[in-house]
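The block underneath contains the structure these notes are about, expressed in C-alpha cells.
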Amino acid sequence: MKAILYMAPTLNGFIAKLGDDTGFVSKNSWKSYRQMIKKAKCMIVGSRTYKIMIEAEDLKGLEKTVVVAVSKKPFKALPKNHFVAKSPKQALQILKRQGFKSALVAGGGALNASFLKEGLIDEIFLDVEPLVLGNGIRLFAEGNFEAKLKLAGVKKLSRNEVQLHYKVLKK
Ligand SMILES: NC(=O)c1ccc[n+]([C@@H]2O[C@H](COP(=O)([O-])OP(=O)(O)OC[C@H]3O[C@@H](n4cnc5c(N)ncnc54)[C@H](OP(=O)(O)O)[C@@H]3O)[C@@H](O)[C@H]2O)c1
C-alpha cells in the first residue's frame with residue numbers, strides 16, 4: 001500500500017499558524033490538493049485536521065472520498081464512508097481492505113510525523129507557500145526520526161509558488 005503525503009507548508013515548514021489559521025494556503029494549492037484527493041479517492045487525516053475540515057466544510061464536493069481519521073479516541077456519528085483508525089498502520093489496512101492501492105496522507109503535523117516515524121510514507125508533495133512564520137504547527141511534529149529523500153520533480157504552481165515532489169528512500 002503506497003502512502004503519498006500532500007501538504008502546503010510555509011517556506012520554513014509550518015502548515016498552520018498558532019490557532020490553526022491556514023489562510024496563507026493559496027487558491028492554486030487548494031485546487032491542486034482537491035484534485036489529488038479526487039484522484040486518490042481516499043485520504044487519511046489526524047483527528048484535529050478531520051474536525052477542522054468538517055467544521056469548515058472543506059470536504060464539500062468530496063462526499064464520495066473515503067476518509068480515515070486517525071485517533072485513539074472514539075468518534076460519534078460519522079458519514080458511512082468515514083472511518084476511525086487507532087494508528088497509521090490500521091488506517092492503511094482499512095483502505096487496503098476496501099481495494100485501494102494508494103492513499104493520500106493529508107496532515108496535520110502530528111499525523112505526518114507518526115507516519116514518517118513508522119516508515120509508512122513513500123512520496124511527499126509540498127506546495128511551498130511564499131511565507132516565513134516565527135511559530136505555528138510544524139509540517140512534521142517534533143520527534144526522534146529521520147528520512148532521506150530523493151527529489152522527483154519540481155513544478156511551478158503560480159508566479160509565487162512551487163510544488164516539490166520527493167520520493168522517500170527506504171532504509
Ligand atoms: N497547510 C496544510 O497543508 C495543512 C494540511 C492539513 C492540516 N493542516 C493544519 O494542521 C493543523 C493540525 O495539525 P496537528 O498536528 O495539530 O493535528 P493532526 O495531526 O491533524 O491530529 C493530531 C491527532 O491525530 C491523532 N494521531 C496522530 N498520530 C497518531 C498515532 N500515531 N496514533 C493514533 N492517533 C494519532 C491524535 O488524535 P487523538 O488525540 O484524537 O487520539 C492526535 O491528537 C491544523 O491547523 C490544520 O488546519 C494544514
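Only the coordinates and a few stated rules stand behind these numbers; no lab work does. Note that the structure is a prediction, hence the values are computed from the model and not measured. Positions of Cβ are backbone-derived with ideal geometry, glycine not excepted, and every protein chain shown enters the neighbour counts.
In terms of overall dimensions, the C-alpha atoms belonging to the range 2-168 reach 40, 33, 28 Å along their principal axes, ordered largest to smallest.
Fully extending the segment from Ala152 to Lys39, taken as 0.36 nm per residue of separation minus the present Cα-Cα distance, adds 38.8 nm. When the pairs Lys27/Lys73; Lys64/Lys86; Lys17/Lys171; Lys31/Lys150; Lys38/Lys73 are compared against a 31 Å limit on Cα-Cα distance, Lys27/Lys73; Lys17/Lys171 fall above it.
Projected label points at Leu164 and Lys89, each 7 Å from Cα along the beta carbon direction, are separated by 3.0 nanometres.
Taking label points 7 Å from Cα along the Cα-to-Cβ direction, Leu62 and Lys101 give a separation of 2.3 nm. Between Lys2 and His82, the contour length at 0.36 nm per residue exceeds the alpha carbon distance by 26.8 nm. For the range 146-166 versus the range 33-74, the spacing of their alpha-carbon centroids is 23 Å. Each Lys or Arg adds one and each Asp or Glu subtracts one; over the other residues with Cβ under 13 Å from the Cβ of Ala56, this totals -2.
Between Asp21 and Asn135, the contour length at 0.36 nm per residue exceeds the alpha carbon distance by 39.9 nm. Summary value for the chain: 33 percent relative contact order, contacts being C-alpha pairs under 8 angstrom separated by 6+ residues. Calculated mean residue ellipticity, 222 nm, the chain: -7500 deg cm²/dmol, from DSSP H runs (n ≥ 4) at -39500 (n - 2.57) each, averaged per residue and rounded to 500.
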